[in-house]
Amino acid sequence: MNQGRSLKKVFGSMHFRLLIVLLLIGLVPVFFMKNGILNGFEDQTVSMRASMIRDQCSRLSADIMDAGYLADFSSDVVDKELRQIAELYSGRVILVNSQFEIILDTYLLDEGKTIIARELIECFKGEDTDYYNAENDFIEVVCPIKEDTTKAVVGAFIVSIPTTDIIVARRNLSRNVLILEVLLIILIIGVSFYASRLLVRPFRKVTAMMNSGGTDFLTDDISMPDYTETELLSEAYNQMRHRLQAQEESRQMFVSNVSHELKTPMTSMKVLSDSLIQQAEFGEVPNELYREFMVDIGQEIDRENKIITDLLDLVKMDRNSPDLQIEETNINDLIALILKRLRPIAAKRGIEIALESYKPIIAQVDQTKFTLAISNLVENGIKYNKENGWVHISLNVDNTYFFVKVQDSGIGIPEADQEQIFERFYRVDKSHSREIGGTGLGLAITKQAVLVHHGAIRVYSREGEGTTFTVRIPLRYLEQGQTE
Ligand code: ADP
């Protein structure tokens, strides 16, 4: 199993694939090279031999015409010359007249016979022909004998010579080419190994850099500009590391904020109980004082509870694994219900809550999470309002989205804080928020709840005049990766 995996690793590697490509490019021509060289040598030698014979024949054909050998074969000179050629090449020379009759055969076999062959007919038409029979190792050259003045073909030579020497030379050459081939193969394999290693080296280096960097965010950015690919790879790695770094920092900040926020009510309770104990040491503590301190301790417990509840809500809203119960929901009814629950709280400060909804809206939402998002916005509208102020909620819809607008006549949010208010534990005025029971988590929960519905939230505010939050959510819930 392990061996299979490591084999797969080797065969799947870029190094291995490059090696194969380089070997193919290098070795395939080498395998064809041998035949090319040997055939080229053979063809060249055969054609040189044929042209030499043709030269000699053409010289001889002039002597033949001069001696009138075709009509009267008594010229000893011509006879000798013909036999010399035959001897020189250890071959056979046949002389044919225009009637295709053999008038001389150096082998003395066919004299007086008539010969008809394709090459001969072509020769009489004026074409030079030669034929190489590689199987039987001979070349046959057919040359015309032309009359001096009319250039008419009046006879022909048929010269057949063996090519055994060419074959032997080819065999010798083949041995040398084989040695060259082996040397070349060794060289190509070596160069391919080296080149493929060299080509993948930047990738190995970038991997080593990534491994040595690990998750240590303090290390420098890596850079490998050897190839565009390795440069892009190192840039992507650096960006990912920065994102992780930011995430890690925000996680650490969150943990320290959570600890701090949870500790605050504890500290208050400790102070309250300690002072009761201290007072008891100096005598009887009045019942009213006990009651008062107990009420304070109770409030701190409520506060602790509220922070924990908000934290749990936030955890449930984790964007990577939101546990959503999406249902077809009548948004008008749901918002009316939320407002009904909040009206008594608003009424305590004389704040009027009004809902404007012109069109019925049916949308796919997680009712609990959506309720949490809108309740937080309206609660904030009440909390950060003036006595006898107002909070107006309006609903709208188009083909794809529905919109919720929560507008208040409250204290407003300074421009500089508007970007941060959605951060966990961020409060514009910490003591004021604490006083009115804020945890700094409300808007973080709202934003997260809107995002898990693939929606968007915006804030518009002017200090002293009021604040407007607008929420946009798709009517149809879209799974991750799904498009309209
Ligand atoms: P909190 O629990 O403190 O209300 P939130 O996350 O809900 O926390 O809000 C963050 C801060 O944004 C609040 O502390 C407050 O300063 C400011 N804020 C939120 N909503 C409003 C609003 N409607 N008007 C004015 N200030 C607001």
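Any chance you could check the Cα centroid distance between region 228-291 and region 385-414 for me, in angstrom? Using only Cα atoms, the two centres lie 32 Å from each other. Pairs with C-alpha atoms separated by more than 24 Å, drawn from the list 369/430; 316/447; 369/405, are 369/430. Relative contact order for the chain: 9 percent, from Cα pairs under 8 Å spaced at least 6 residues apart, divided by residue count. Here's the picture: charge each Lys and Arg Cβ at +1 and each Asp and Glu Cβ at -1 in region 69-214, and of 108, 136, 89 the one pushed furthest to the positive end of that dipole is 136.
Which three semi-axes in whole Å describe the equivalent ellipsoid of the chain, each the square root of 5 times a Cα gyration tensor eigenvalue, listed largest first?
Working: eigenvalues 2506, 173, 53 Å².
They are 112, 29, 16 Å, listed from largest to smallest.
Using only alpha carbon pairs under 8 Å that are at least six residues apart, calculate the relative contact order of region 229-317 and give it in whole percent. If you can, show how the numbers build up before the last one.
Working: 22 pairs, mean separation 28.9, N = 89.
That works out to 32 percent.
For residue 189 and residue 169, what does the FRET efficiency come to when R0 = 30 Å and r is the distance between their Cβ atoms, rounded to the nearest 0.05? So, using R0 = 30 Å, E works out to roughly 0.45.
In debye to the nearest 20, how big a dipole does region 229-317 give about its Cα centre with +1 on each Lys and Arg Cβ and -1 on each Asp and Glu Cβ?
Details: 9 positive and 17 negative charges, 40 e Å.
About 200 debye.
Report the calculated FRET efficiency for residue 46 and residue 152 (r = Cβ-Cβ distance, R0 = 30 Å), to the nearest 0.05.
Values: r = 30 Å, r/R0 = 0.99.
Efficiency computed from Cβ-Cβ geometry: 0.50.
Compare the peptides 28-37, 141-150 by average per-residue count of other Cβ atoms within 10 angstrom and give them in order, highest first.
Put in order of decreasing packing, that is 141-150, 28-37.
If the chain linking residue 266 and residue 176 were pulled fully straight, counting 0.36 nm for each residue of separation and taking away their Cα-Cα distance, it would gain 22.9 nm.
Relative to the Cα centre, the charge distribution of the chain, modelled as +1 at Lys and Arg Cβ and -1 at Asp and Glu Cβ, gives a dipole magnitude of about 1800 debye.
Assuming 0.36 nm per residue, please report the length gained on full extension of the stretch residue 292 to residue 232 beyond their Cα-Cα distance.
Full extension from residue 292 to residue 232 adds 15.0 nm.
Counting alpha carbon pairs within less than 8 Å and at least 6 residues apart, what relative contact order, in whole percent, applies to region 14-170?
Values: 214 pairs, mean separation 35.1, N = 157.
Relative contact order comes out at 22 percent.
Readers should treat all values here as calculations from the given coordinates under stated rules, not as data from a laboratory. As the structure is a prediction and not an experimental result, all values here were calculated from the model. Virtual Cβ from ideal backbone geometry, glycine too; neighbours counted across all protein chains shown.
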